[in-house]
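Worksheet: one structure, shown below.
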Amino acid sequence: SKGLFSLITFPAGKTGGFIVPSTVTSIADVAFRKCTGLTYVAIPNTVTNLGYGLFVDCTALVDVSLPSSLTSIPDDIFGNCTSLAGVALPNGITNIGSGAFADCSNMISMTIPSAVTSVGFSSFARSGLQKVYFLGALPSNWISNYDPDNPIMFPPGVSEYLPSKLIVTGKQIGRAHV
């Protein structure tokens, strides 16, 4: 926007990294969509609102620095970001939206902060995830959002949760028994 408070769209032809100006407080839905040459984005702590589908189809995107003030990962934010290796989720995140990391085939591990209480349906569908670390309690809807395309769950027979330990490993390990 003219006052640099909102980032509405980013030119799809730009390549390399981008640092969002510190005057920005909001980034619109699909603002970076199909920016196939974008490799890195740093979002400052001044940003408190991220739109859904923000980085959909940013196939060269390798890393994103999210603001520590963020409390929710929007739906479809990283959909089909096939080069994305990982994202450090801020500690205050309580919700991971539906399809947030769907089709992120290069992402092999994820650490879920202890504040997360909800994980949307197909959040990690068709991703490359092999390991998920829970730093807090297992989100209450994790099992109810079972995704047959990417069934990353507790191993069969697990009945106890140990904080800060590897809980989930492997691609198809069955449903949890908690």
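The values are calculated or read from the model by the stated rules, or taken from the named source; none is laboratory data. Given the structure is predicted, the values throughout are model-derived calculations rather than measurements. With ideal geometry, Cβ positions are generated from the backbone for all residues, glycine too; neighbour counts draw on all protein chains shown. These area figures cover heavy atoms from the full protein model, side chains too; ligands, DNA and RNA do not enter into them. Shrake-Rupley method; radii C 1.70, N 1.55, O 1.52, S 1.80 Å.
SER26 sits with roughly 30 Å² accessible to a 1.4 Å probe, with DNA, RNA and ligands left out of the calculation.
When nucleic acids and ligands are ignored and a 1.4 Å probe is applied, LYS14 ends up with an accessible area of around 110 Å².
When the Cα gyration tensor is reduced to axis lengths a ≥ b ≥ c, the ratio a/c is 1.5 or higher for region 1-107, and with a/b not above b/c it is classed as oblate. Amide H contacts of GLY17 (H built 1.01 Å from N, in plane; Pro and chain starts excluded): THR39, TYR40 sit under 5 Å, all sequence-distant by 5 or more or on other chains. In this structure the amide hydrogen of SER65, modeled in the peptide plane, comes within under 5 Å of the amide hydrogens of VAL41, ALA42, ILE43, none closer than 5 places in sequence on its chain.
For the pair region 114-129 / region 37-82, the C-alpha centres are spaced 15 Å from each other.
Note on region 1-150: with charges restricted to the Cβ of Lys and Arg (+1) and Asp and Glu (-1), its dipole about the Cα centre is near 300 debye.
The chymotrypsin sites (Phe, Trp or Tyr not before Pro) found in region 1-95 that occupy coil by DSSP, while having at most 14 further C-beta atoms within 10 Å, are PHE5.
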